[in-house]
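What follows is a single structure, written as structure tokens, with notes after it.
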Amino acid sequence: MEAMGSIDYFQVKSLLTEGERIFWDRVRQFVDRECMPIISDHFDKGTFPMEIIPRMAEMGLFGLHVDGYGCRRVTHTIYGLICQELGRCDSGLRAMVSVQNSLVMYPIYAFGSEEQKRKWLPRMARGEVIGCFGLTEPDFGSNPSGMMTRAERQGESYVLNGTKMWITNGSIANVALVWAKIGEEICGFLVDAGTPGFQSTLIQRKFSYRTSPTSLLIFKDCMIPEENLLVGAKGMRSILSCLNYARYGVACSALGSAIACYQVAEAFARERKVFERPIASYQLIQEQLVRMVVEITKAQLLTYHLGKLLDQNRASHTQISLAKLNNVREAMKIAQKARDILGARGILADHHVIRHLCDLEAVSTLEGTENIHTLIIGKDLTGISAFY
Ligand SMILES: Cc1cc2nc3c(=O)[nH]c(=O)nc-3n(C[C@H](O)[C@H](O)[C@H](O)COP(=O)(O)OP(=O)(O)OC[C@H]3O[C@@H](n4cnc5c(N)ncnc54)[C@H](O)[C@@H]3O)c2cc1C
């Protein structure tokens, strides 16, 4: 077997272009050398490793869907590999990068005015400005179109009122992309942190996604200048186009977490002796390792192909749903099996598996739950909506 992060039973790496392989190797080394050594401590303390942001910017990890404005666009395949590598380390790290790229920089690039692009994108690419994406509300998660947050025109401004919950990066963000209704139409607003009437609070006592600053955003008579309206964004259709990229990133990230758990379990099984023999010599343990690699291999082929479909602009949102659903579900099973193989040690931070297991609980909910993706695919197959 090759270096860390490279279980490759079906030689998927050989299908990549040289450029994709070089980018992947660079990110893998960055993750192993700079992220892995510090992540458990941050998870323990419930803090995001802010020190890593300038390094991520130097590596070109911000602005991955953007041409120009100080950004270097990459293929979706490369974006997926980046998410996979970050997810191999920590889902919270990957979430920060996904939100910055797919849920803030991409919508500014796709739907923003020229002034908005010039104002935000170069600084975001340099990691000087962090963004967050405020869609979910306390009473509207799976059904965001029911949102209560409202914007009303007042002279040359809009007045924003409402609450957004579970917002990744919220309390470290310099700008929030907030979705609100003007009348019945859903619109996007760029809200500077520090705008009077805008308050962001860290959600405490989480046992999952501990490195990720998940936040509550409250808007109370918050005045937004009209030039902060995302002029090209048109309702849920625009929102879903950003979520497609983010969901693909989550599918790749879950694969990375599964690979990390497998590698720890396999190495441990070779070393650990019980009844005087390594546990890897027992058929029941081998069967578990084989099941893990079967699912990892299927997920690798699925995400590789999905990346290529995205690169050719041929991927459907239902295919993305299938990948998110499958990869997260299987990663959770793999993390559970790995934890079991490690025995008591499986609950220690040093082995990382318990951290992935806890994080995957949040990953299964965010970007659409398994139920919601099942309903999306079910509707595609039957032509009948079973959402309500
Ligand atoms: C760590 C974390 C980070 C997040 N980051 C962000 C972010 O950056 N920005 C953002 O806007 N949001 C974010 N979210 C919110 C996330 O997108 C929502 O939590 C998710 O969409 C589910 O919404 P909910 O929690 O309100 O659950 P609900 O929608 O209340 O669902 C509860 C349960 O009901 C099920 N259910 C719902 N509808 C149906 C149905 N029709 N049929 C069958 N079952 C159904 C669901 O599958 C689930 O099991 C984040 C969430 C977490 C946990």
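Structure summary
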| item | result |
| --- | --- |
| For VAL31: the one exception among (1) open to solvent by 20 Å² or more (accessible area, probe 1.4 Å); (2) assigned to a helix (DSSP H, G or I) | (1) |
| Residue within the range 249-259 that is surrounded by fewer than 23 Cβ atoms within 10 Å (Cβ to Cβ), of a type in the set (A, V, I, L, M, F, W, C) and part of a helix (DSSP H, G or I) present | no |
| Residue pairs meeting the criteria (Cβ under 8 Å; at least 6 apart or on separate chains; first more than 19 Å from VAL99 (Cβ to Cβ) and of a type outside the set (A, V, I, L, M), in the range 360-377; second open to solvent by 30 Å² or more (accessible area, probe 1.4 Å) and near the ligand (Cβ under 8 Å from one of its atoms)) | ASN371/SER142 |
| Unique residue being touching a Lys or Arg at 6+ places or on another chain (Cβ under 9 Å), open to solvent by less than 30 Å² (accessible area, probe 1.4 Å) and on the phi > 0 side of the Ramachandran plot when the list is GLY162, GLY92 | GLY162 |
| Residue within the range 129-139 that is over 27 Å from ILE218 (Cα atoms), more than 12 Å from the ligand (Cβ to nearest atom) and surrounded by fewer than 22 Cβ atoms within 10 Å (Cβ to Cβ) present | no |
| Failed item, numbered, when ALA299 is tested on (1) modelled with pLDDT of 95 or more; (2) within 16 Å of the ligand (Cβ to nearest atom) | (2) |
| Filter result for the condition that a residue is within 25 Å of ALA110 (Cα to Cα), touching a helix residue (DSSP H, G or I) at 6+ places or on another chain (Cβ under 9 Å) and within 13 Å of the ligand (Cβ to nearest atom), over ASN228, ASN174, ASN169 | ASN169 |
| Count - residues of the range 262-299 that are closer than 19 Å to GLY346 by Cβ, assigned to a loop (DSSP other than H, G, I, E, B) and not aromatic (Phe, Trp, Tyr) | 1 |
| Residues of the range 106-135 classified as over 16 Å from TRP179 (Cβ atoms) and either of a type in the set (Ser, Thr, Tyr) or not in a helix (DSSP H, G or I) (or both), total | 7 |
| Yes/no for SER145 being open to solvent by 30 Å² or more (accessible area, probe 1.4 Å), at pLDDT 95 or above, more than 28 Å from ASN371 (Cβ to Cβ) and among the hydroxyl-bearing types (Ser, Thr, Tyr) | no |
| Qualifying residues in the range 333-374 (those that are within 16 Å of the ligand (Cβ to nearest atom) and open to solvent by 50 Å² or more (accessible area, probe 1.4 Å)) - the one nearest to the chain's Cα centre (by Cα) | THR365 |
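The values are calculated or read from the model by the stated rules, or taken from the named source; none is laboratory data. These figures come from a predicted structure and were not determined experimentally. Counting neighbours? That spans all protein chains shown, and the Cβs are built from the backbone with ideal geometry, glycine included. Ligands, DNA and RNA are stripped out before the accessible areas are found, and what is left, the full protein with its side chains, is counted by its heavy atoms. Shrake-Rupley method; radii C 1.70, N 1.55, O 1.52, S 1.80 Å.
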